[in-house]
Every structure is written in structure tokens, then in C-alpha cells.
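Below is one structure, written out as C-alpha cells, with a few remarks after it.
The values are calculated or read from the model by the stated rules, or taken from the named source; none is laboratory data. Just so it is clear, the model here is predicted, and its values are computed rather than measured. Glycine gets a Cβ as well: all are built from the backbone with ideal geometry, and neighbour counts include every protein chain shown. To get the accessible areas, we keep the full protein, side chains included, count just its heavy atoms, and leave off ligands, DNA and RNA. Shrake-Rupley method; radii C 1.70, N 1.55, O 1.52, S 1.80 Å.
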Amino acid sequence: MIKKMLFAACALALAGTAQAATNWNMSTEQPDGNFLTQNAREFAADIKKATNGELNINVQSNSVLLKRPEVKRGVQQGVVQAGEMLVAAIGNEDPLFEVDSVPFLASSFDQSEKLWKATRPMLAERLDKQGIVLVYGSPWPPQGIYTKQPVEQLSDLQGVRFRAYSPATSRLATLMGAVPTTVQTPEVPQAFSTGVIDAMLTSPATGVDSQAWDYVKYYYDAQVFIPQSFVIINKRAFQRLPEVVQKAVLEAGQRAEERGWAMSREQTSKLTQTMADKGMVVGKLPEKLAGELHKIGDTMTQEWLAKSGADGQKLLDTYRQP
């Protein structure tokens with residue numbers, strides 16, 4: 001009888017432990033080999049370790065849970081508890097979300113990190129009002145231009161079907177005289193092979209992930225801008241966590257942000273070299289094309305300021321402080 005009572009007590013204790021564990025789903029955009037996904041998995045592992053398994057985050061890569069346009073709303077509505085996405089993808093919602101994609105406003109990692117630190121609190125405040133917690137951001141490598149044929153000037157891109165992945169890149173393609181065509185990352189190889197697009201602006205990471213050498217020949221290391229991705233969490237789900245677990249999530253997010261910047265800086269040259277090793281012609285922008293693109297950057301900066309108003313000017317003033 002005593003043994004039976006002890007067994008029952010142990011079973012109840014184990015059941016209580018199992019119920020105490022919280023399991024979340026997290027949607028990430030990129031394939032498993034991408035450093036942003038690797039960072040997200042390390043973030044999840046960090047939380048699991050810090051909470052002794054009290055919070056387990058199941059990271060699902062390559063947009064299998066939600067496509068890019070669905071991530072923010074999916075997190076907001078609790079379809080998934082956490083999600084990683086490109087910040088500029090929601091630029092139509094608020095211009096502050098696409099400041100990192102204004103051409104040549106912040107082309108280097110140092111400039112981009114300074115811009116992100118100025119932008120982050122403003123985005124966090126906006127998202128908080130929508131029931132979303134901004135946990136961490138990570139930069140992509142600088143954006144370059146991929147083409148099938150060599151280009152020397154903007155006229156060489158006239159009428160070319162140019163991949164766009166955000167409102168800012170769509171506007172850029174239009175000002176270049178190209179035809180913006182929205183194509184999500186997993187669809188890039190097929191879009192090139194079927195003639196849906198002929199050129200694109202994207203990072204060396206996407207170039208390697210999609211094996212760009214199979215469908216284009218030239219990569220111009222234009223460093224047009226450095227876009228951000230961020231990880232966001234459903235606020236209600238976050239607030240249901242014990243305070244000690246909430247703290248562990250935020251601390252893991254801080255480490256993931258620092259790690260993401262370090263990883264992107266490290267990976268950029270390696271990824272660019274991989275494309276060269278695979279036979280692509282890798283080089284800088286031709287002088288005339290660079291000058292033309294910088295003029296477009298000036299135009300888009302003024303357009304962005306007109307859209308973003310006082311908040312945009314405040315952000316730029318903060319960013320440009322010595």
C-alpha cells in the first residue's frame with residue numbers, strides 16, 4: 001500500500017513538472033545553413049539551458065510555418081509565439097521599419113550598427129503597442145547586385161525584371177528603370193530559371209544559400225545597404241511566463257543580437273569568396289553605375305524623410321550625432 005502511495009505521489013510530481021514546461025513555435029525565414037537561422041537556434045538553446053527546460057522554443061526554418069508577409073501578423077495573433085523576419089518587409093506599415101533599406105544611408109557595418117541602435121527603441125515602442133515584444137535584431141551582409149550579363153551603367157538594367165523583396169527594394173528597382181518583381185528567398189532559383197527575374201539585389205548569404213552561380217554570372221559588391229532581421233514575440237505569451245523566464249528570454253536576446261552582428265561581419269567576406277570560388281565574377285560597382293545609384297540613394301533619402309516626418313528627422317538626427 002505504501003509503495004502504491006509513493007508511486008502515485010511520484011507520478012503526480014512528474015505530471016506537474018511536465019505541465020510546468022512551456023513549448024513555443026518559432027518561424028524563421030532562412031534555411032538551416034544560414035547564419036541567421038543558426039543564431040536563432042542558439043538563442044532557443046540558450047533559453048532552454050537558462051530555464052532548465054521550463055521554456056522550449058521549437059525553431060522551424062525556411063519559412064515552413066509562415067511566409068515572410070505572414071510573420072508579423074502570425075506572431076501578433078498568436079499563430080506562433082515567436083518569429084524572425086526582415087524588418088523592411090513591413091515598411092508599408094511605417095517608414096521607420098525600412099530606414100535600414102534607404103540606399104547608402106548606412107553602408108558599412110559600423111554605420112549600420114549605429115543606425116540600428118538609434119532605430120531599435122522606436123521600433124520596440126511601436127511593436128509593444130501592437131502586442132509584440134522585440135527581442136533582438138541581426139544584420140544581413142551588405143546588399144550587392146547579381147546579373148546574368150555585365151553592367152556598366154543604369155541603362156544596362158533598363159526594363160530588366162529585378163527581384164524586389166520589400167517596399168524599399170521595389171522603389172529602388174523602379175528608380176533604376178528596372179521592373180520590380182516580388183520573389184521570396186526560397187523561390188529565387190526557380191524565378192531565375194523560369195525567367196520571372198533576370199537580376200536581383202541581395203546579400204552574399206542569399207547568394208550562397210540559393211547557389212546563385214547556377215543561374216547568374218556576375219556579382220557586384222555594391223554595399224547598397226545592410227538590412228536587418230529581427231525576432232519578435234507575442235506579448236501575451238511573453239507576459240504569461242514567470243518573471244525569471246522572461247528575464248532569461250531578454251538576456252538570451254541580448255546575447256543573440258551581439259552574436260548576430262559578429263556573425264554577419266565574419267561571414268560576409270567568406271560568403272563572397274565562396275561565390276568567386278564557384279566561378280562567379282565578383283567585383284566592385286563600375287564607377288558610372290555607382291554614381292547613378294548614389295543619386296538614387298539621395299532621392300530615396302528625401303522620399304523617406306517626407307514619409308516619416310518628425311519621427312524620421314529625429315531618428316536621422318540621432319544617427320548622425322558624432
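The set of residues in region 277-291 that are part of a helix (DSSP H, G or I) and surrounded by 19 or more Cβ atoms within 10 Å (Cβ to Cβ) contains only Leu289. The single condition among (1) closer than 19 Å to Leu134 by Cα; (2) open to solvent by less than 10 Å² (accessible area, probe 1.4 Å) that Val79 does not meet is (2).
Take region 295-310 and flag every residue that is open to solvent by less than 90 Å² (accessible area, probe 1.4 Å) and not small (Gly, Ala, Ser). Listed by number, the residues that qualify are Ile296, Thr299, Met300, Thr301, Glu303, Trp304, Leu305.
Within region 145-187, the set of residues being under 25 Å from Gly279 (Cβ atoms) and β-branched (Val, Ile, Thr) comprises Ile145, Thr147, Val151, Val160, Val183, Thr185. The residues in region 95-118 that are without any contact (Cβ under 8 Å) to a residue 40 or more places away in the chain and either crowded, with 17+ Cβ neighbours inside 10 Å or part of a loop (DSSP other than H, G, I, E, B) (or both) can be counted, and the count is 1. Filtering region 133-178 to residues that are under 26 Å from the mean Cα position of the chain (by Cα), over 30 Å from Arg240 (Cα atoms) and among the hydrophobic types (A, V, I, L, M, F, W, C) leaves Trp140, Ile145, Val160, Phe162, Ala164, Ala168, Leu172, Ala173, Leu175, Met176, Ala178.
Listed here are the strands (runs of 3 or more DSSP E) enclosed by region 163-222 that have at least 2 residues being open to solvent by 10 Å² or more (accessible area, probe 1.4 Å): 179-182, 218-220.
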